[in-house]
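Written out below as structure tokens is the structure these notes cover.
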Amino acid sequence: MHPAIHPRNLDRLPLELRKLAKGMMRSHLQNCLDPADITQVGLALNSIPEPHVLCLLPLFHLFLDTSRIPTIDSDGLESPSELIVSDCTAAVLALNGILTAYPPPKACPDLWPRVWPWFQFIMTYHRLLHVTTYITDEKNFHGGLMSFCYVMCDDTANRKLITSTPGCLSVAIRTWSIFSRREDFHESQN
């Protein structure tokens, strides 16, 4: 595990955020994560300096545990459990944190196998699971992933890892499609 993901990094956070993050780690492991805590960290992400966002990587890494990606059947889509909504909301928060904070490239091998499956799941089901809280819009979410990939792909090993991921090229094309539909894109082309 890359040192940036080690839980001791939470100790570098300001006291209130540190207490909240450590409490959330415990709650998440006990399947009793409080949605209000997720909201509080989500709000903090908008105002804390980038180095503090990077200190939250251990929490984000935990939230992106792929074993917690729900198996969706037709019943699950109609009325997802509180645990599913909580896990998915925490995953969206973690994705936003990781995709905007640019973790150290050497952490990519630990993060990508979690980021990619959750990204795919959330983009497929987020509207049905009511976890749009931290997805401002599809453009920003896709753009965040592409920016993350761009930064991580400066490293040859990361580039191989990311570009060999099935479906990654499709998301890149989808992102291009989303961006090319924007009016400001067309105006800049004139």
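The values are calculated or read from the model by the stated rules, or taken from the named source; none is laboratory data. Small disclaimer: the values here were computed from a predicted structure and weren't measured. Glycine gets a Cβ as well: all are built from the backbone with ideal geometry, and neighbour counts include every protein chain shown.
Can you tell me which residues in segment 158-175 are out of contact with any helix residue (DSSP H, G or I) (no Cβ under 7 Å at 6 or more places or on another chain) and either part of a helix (DSSP H, G or I) or surrounded by 12 or more Cβ atoms within 10 Å (Cβ to Cβ) (or both)?
Within segment 158-175, ARG159, LYS160, THR163, LEU169, SER170, ILE173 qualify.
If the requirement is being farther than 20 Å from PRO117 by Cβ, surrounded by 11 or more Cβ atoms within 10 Å (Cβ to Cβ) and modelled with pLDDT under 90, which of these qualifies: LEU45, LEU29, LEU13? So that I can check it myself, show each step before the final result.
Values: LEU29 fails: farther than 20 Å from PRO117 by Cβ; LEU13 fails: modelled with pLDDT under 90.
Of LEU45, LEU29, LEU13, the one residue that is farther than 20 Å from PRO117 by Cβ, surrounded by 11 or more Cβ atoms within 10 Å (Cβ to Cβ) and modelled with pLDDT under 90 is LEU45.
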- Message: When you scan segment 26-33, do you find a residue that is over 27 Å from THR156 (Cα atoms), free of Cβ contacts under 8 Å to residues at least 24 places away in the same chain and in contact with a helix residue (DSSP H, G or I) (Cβ under 9 Å, 6 or more places away or on another chain), even just one?
- Response: yes
- Message: Checking LEU20 against (1) within 18 Å of PRO103 (Cα to Cα); (2) surrounded by 12 or more Cβ atoms within 10 Å (Cβ to Cβ); (3) among the aliphatic types (A, V, I, L, M), only one condition comes out false. Which one?
- Response: (1)
- Matching residues, segment 4-18, being more than 15 Å from PRO49 (Cβ to Cβ) and part of a loop (DSSP other than H, G, I, E, B): HIS6
- Counting only residues that are modelled with pLDDT under 85 and hydrophobic (A, V, I, L, M, F, W, C), how many does segment 49-79 have? 2
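Answer yes or no: is there a residue in segment 109-121 that is touching a Lys or Arg at 6+ places or on another chain (Cβ under 8 Å), in a helix (DSSP H, G or I) and exposed (fewer than 15 other Cβ atoms within 10 Å of the Cβ).
At the first step, the residues of segment 109-121 found to be touching a Lys or Arg at 6+ places or on another chain (Cβ under 8 Å) are none.
No, there is no match, as no residue in segment 109-121 is touching a Lys or Arg at 6+ places or on another chain (Cβ under 8 Å), in a helix (DSSP H, G or I) and exposed (fewer than 15 other Cβ atoms within 10 Å of the Cβ).
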- Task: Considering (1) loosely packed, with under 15 Cβ neighbours inside 10 Å; (2) at pLDDT below 70; (3) part of a helix (DSSP H, G or I), say which one THR136 fails and leave the rest.
- Result: (3)
- Note on the structure: Flagged pairs (Cβ under 7 angstrom, 6 or more apart or on separate chains; first in segment 45-59, in contact (Cβ under 8 Å) with a residue 40 or more places away in the chain and closer than 15 Å to MET24 by Cα; second part of a loop (DSSP other than H, G, I, E, B) and of a type outside the set (Gly, Ala, Ser)) are CYS55/LEU13; LEU57/PRO103; PRO58/HIS6
